[in-house]
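We did not get these values from a lab; they are worked out from the coordinates using the rules stated. Note that the coordinates shown come from a computational prediction; the quantities given were computed from them, not determined experimentally. Quick reminder, even Gly has a Cβ in these numbers, built from the backbone with ideal geometry, and neighbours come from all protein chains shown.
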Amino acid sequence: MTGKARFIFPILMSGIMAFLMTALVTYLNLGFPADFLSRWMQAFVIAWPCAACSAFLAIPLARRGTAHIVKLVGE
C-alpha cells in the first residue's frame, strides 16, 4: 500500500473492528439495557483511537509474519 492508502486503511479497519467488538463486549457485559447505545458509543469512542494506534503498529508486523509463514509453507 502506498500514499494516503497506508494511513486510511488502518483507520477504517480499526474503526470497523472497534465498532463490532465494543458492541459485542458491551452486550456480553451488560445485556441489552435501556442505555445500551449510550454505553456502547462511550466504549467505541475510547476504543477506536486505541485500535487505530495499534493497527499502525500491528499491520507491518502482520505483513512480515504472513510473508514469513507463506515462505515456510510455500505458495
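Counted over the range 5-73 with a bin width of 5 Å, the fraction of Cα pairs per bin, in whole percents, is 3, 17, 21, 16, 14, 12, 8, 5, 3, 1, 0.
With respect to the chain, whose longest principal axis is taken over its alpha-carbon atoms, helix 36-73 is tilted by about 20°. Compared with the dominant principal axis of the Cα atoms in the chain, helix 5-30 is inclined by about 40°. Between L30 and C53, the modelled label-to-label distance comes to 2.4 nm, taking each label 7 Å out from Cα in the direction of the beta carbon.
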